1. Working out 0.36 nm times the residue gap between Lys19 and Phe49, then minus their Cα-Cα distance, what length gain in nm do you get to one decimal?
2. As a test question: what accessible area, to the nearest 10 Å², does Asp57 have when a 1.4 Å probe is rolled over all protein chains in place?
3. Heavy atoms only, probe 1.4 angstrom, no DNA, RNA or ligands counted: give me His60, His36 ranked by accessible area, highest first.
4. Magnitude of the Cβ-charge dipole of the chain, K/R +1 and D/E -1, about the Cα centre, nearest 20 debye?
5. What is the magnitude of the charge dipole of segment 38-85 about its Cα centre, with +1 placed on the Cβ of each Lys and Arg, -1 on the Cβ of each Asp and Glu, and no other charges, expressed in debye to the nearest 20?
6. Within 10 Å of each candidate Cβ there may be at most 13 other Cβ atoms; applying that plus a DSSP loop requirement, which trypsin sites (Lys or Arg not before Pro) in segment 4-102 survive?
7. Accessible area per residue, 1.4 Å probe, Å², for segment 9-110: what's the number?
8. Seen from all sides and averaged, what is the projected area of the convex hull of the Cα atoms in the chain, in nm²?
Amino acid sequence: MYKSEKALVEKQIQNAPGKISLVVDCWSTKNGYAFHGIMTTYVDSDLNFRQLVLDFDALHGPHKGKMLAASILKTIEDFGITDKVLAITSDNASNMDTMFTELKTLLQAR
């Protein structure tokens, strides 16, 4: 993301009057490349529903929960929204249990 676009997205999210939610998903291509998409949803001060893509992270290796937690933490720290996250929506893959446990541990350590 270009710096000016990131700054605009950062400002929009940080100016949201309440908490925000994240939507995350990961997948692999047939030739083995893995990706992790991180999106935010929130209601702005005019009561408009907003959705913004925060990151589309290329993963190196399998979709391990610890790797996904680190990817989410990096993104929310980069955007300065660690304290604004209310909820995270994901699929029900078994690695999500590990991801949520690890993310909780990482956030509590901060």
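1. That works out to 9.5 nm of additional length.
2. Ignoring ligands and nucleic acids, Asp57 comes out at about 40 Å².
3. Ranking His60, His36 by accessible area, largest first, yields His60, His36.
4. 180 debye
5. Result for segment 38-85 is approximately 280 debye, rounded to the nearest 20.
6. Lys19, Lys30
7. 60 Å²
8. Taking a quarter of the hull surface, the average projection is 7.4 nm².
The values are calculated or read from the model by the stated rules, or taken from the named source; none is laboratory data. Please read all numbers here as calculations on a predicted model, not as lab measurements. Here Cβ is always computed from backbone atoms with ideal geometry, including for glycine, and neighbour counts include all displayed protein chains. When the accessible area is computed, the model is the full protein with side chains, heavy atoms only, and any ligands, DNA or RNA have been set aside. Shrake-Rupley method; radii C 1.70, N 1.55, O 1.52, S 1.80 Å.
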